[in-house]
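*Asks:* One structure is given below, represented as structure tokens, and several questions about it will come after.
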């Protein structure tokens, strides 16, 4: 893809950092990355693409953030058939259940989650999470 949109919501900055690492991977693969906070997204432009990345940390009882990100996901859910997406986010407790649930939700909506699972980081992204983010960005760039 010529341009890859990376949409995120971040409370502490960890998920935003992950978004920026995905953007690095996109750029390394020769495409243009656009990193956008979820409240700045043009849904029509996003859904016109074959693929994109969505990021949100685990909140509360291992759930998506419920004032901006979850309503956004709900608003695009019916338009995800055939889309290839990367899901990513950080967590501070639990075992990543929110990401497994999110992957299942997106696959049920008809999207293909690149790599079959989301990219997660426990708190700030470590070396492995940074590498996984960059690889995910490279995969999006070549769709």
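The values are calculated or read from the model by the stated rules, or taken from the named source; none is laboratory data. The shown structure was predicted, so the numbers you read here are calculated from the model rather than taken from an experiment. Methodologically, a virtual Cβ is constructed for each residue, glycine included, from the backbone with ideal geometry; neighbour enumeration extends over all protein chains shown.
*Asks:* Would you call residue 134 under 16 Å from residue 4 (Cα atoms), surrounded by fewer than 21 Cβ atoms within 10 Å (Cβ to Cβ) and in contact with a strand residue (DSSP E or B) (Cβ under 8 Å, 6 or more places away or on another chain)?
*Replies:* Answer is no for this residue.
*Asks:* Taking residue 92 as meeting all but one of (1) in contact with a strand residue (DSSP E or B) (Cβ under 9 Å, 6 or more places away or on another chain); (2) touching a residue at least 60 places away in the same chain (Cβ under 8 Å); (3) loosely packed, with under 15 Cβ neighbours inside 10 Å, write down the number of the exception.
*Replies:* Only one criterion is unmet by residue 92, namely (2).
*Asks:* Kindly provide the set of residues from the range 1-34 that are touching a strand residue (DSSP E or B) at 6+ places or on another chain (Cβ under 7 Å), surrounded by fewer than 20 Cβ atoms within 10 Å (Cβ to Cβ) and under 18 Å from residue 70 (Cβ atoms), ordered by number.
*Replies:* Answer for the range 1-34, where residues must be touching a strand residue (DSSP E or B) at 6+ places or on another chain (Cβ under 7 Å), surrounded by fewer than 20 Cβ atoms within 10 Å (Cβ to Cβ) and under 18 Å from residue 70 (Cβ atoms): just 16.
*Asks:* Inside the range 124-143, can you point out the residues that are assigned to a loop (DSSP other than H, G, I, E, B) and either at pLDDT 95 or above or within 15 Å of the chain's Cα centre (by Cα) (or both)?
*Replies:* 124, 125, 126
*Asks:* Same structure, new question: Here is a list: 87, 36, 46, 54. Which entry is farther than 15 Å from residue 10 by Cβ and within 13 Å of the chain's Cα centre (by Cα)?
*Replies:* Result of the check over 87, 36, 46, 54: 46.
*Asks:* Of all residues in the range 35-61, count the ones that are without any contact (Cβ under 8 Å) to a residue 40 or more places away in the chain and surrounded by 12 or more Cβ atoms within 10 Å (Cβ to Cβ).
*Replies:* Number of matching residues: 7.
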